[in-house]
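What follows is a set of notes on a single structure, which appears directly below.
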Amino acid sequence: CHRRFMPHLLQAAGQKGWPTMHRLLVSLLSFLQPFLRDALMTDAIRKLYESTVRIILVILHDFPEFLCDHHASLCDAIPASCVQLRNLVLSAFPRSMRLPDPFSVHLKVDELEAMRQPPRVLSDYTVTLGKLRTPLEMYLNTKQPRDFLQLLPAQLRTGPDFNVPLVNALVLHVGAAGSKGMTNITTMPLSPAMLVLKHLVTVEEPEGRYILLNAMANQLRYPNSHTHFFSYCFLYLFSEADNELVQEQITRVLL
């Protein structure tokens, strides 16, 4: 984060320094991850964490597009318990954009032009999908094979544990596909993207559902087509839930 190093990486012509800065930042977050996940905050780790927050704040203020474009991989490296750090990354929005006043009486979010524009995502999340990518894309395009939804939950685990980066990548990929069909809201509940998310929210146990809902909340950012899609998803899943526990978890994640 030295003033003679980090600014030069982020200001290099053609954003040539961004991949290096991204790699360094992910390494830093990955190093901190086990300490933050298990709340093992020694004085040294606490100091390093506070410094990391300051670095993110500086980038958020001066280079918000960097956080916008790399939000997926950065969130993969941040434990779910670190809400403040994750929200700093997710609060970034392009400097060219003027955010609407959320308290405006006549604000209709669905009608914003920005809600139809897909965001730029530089994180290569499709690599994380691995062998799941081909059957997932086939289902999103054709709703085939029929047993895809039944087999999906088991594929999101590595042994007994949930593969969080894989869940995050799945949700982002589903959102990217689902947001293209937002032109007709009436058909959204039966769209393949919505069926995937609804099935997982319905059948997963609380831990897996919490990870899934967190992954969805990571896409609620500045006005763009992904934010539009997942805003609709949360409202639909909450209203259609026949289990109060699902509604409680949705509320918890959003709060």
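Every number here is computed from the coordinates shown, using simple stated rules; none is lab data. The structure presented is a predicted model; accordingly, all values stated were derived computationally and were not measured.
Some points to look at:
- C-alpha center-to-center spacing [segment 86-147, segment 190-255] in angstrom: 13 Å
- Global form of segment 169-221, assessed from the alpha-carbon gyration tensor, a/c cut-off 1.5: oblate
- Answer label, with volume of the Cα convex hull per residue in Å³ calculated from the coordinates and candidates [x] 141; [y] 150; [z] 158: [y]
- Calculated [θ] (222 nm, deg cm²/dmol) that DSSP helices of n ≥ 4 give over the chain, each run adding -39,500 (n - 2.57): -18500 deg cm²/dmol
- P(r) tail, segment 87-161: Cα-Cα pairs separated by more than 18 Å, 65% of all pairs.
- q = 0.12 Å⁻¹: log10 I(q)/I(0) that the Debye formula gives for segment 1-152, counting C-alpha atoms only: -0.70
- Mean separation of Cα contacts under 8 Å, 6 or more apart, over the residue count of the chain: relative contact order %: 18 percent
- Stokes-Einstein D (µm²/s) once Rh is taken as the Kirkwood radius of segment 123-186 over alpha-carbon pairs, at 10 °C in 1.306 mPa s: 126 µm²/s
- Helix screen, the chain: DSSP H segments with Cα axial length of 24 Å or more and mean Kyte-Doolittle hydropathy at least -1.0 are 18-37, 43-62.
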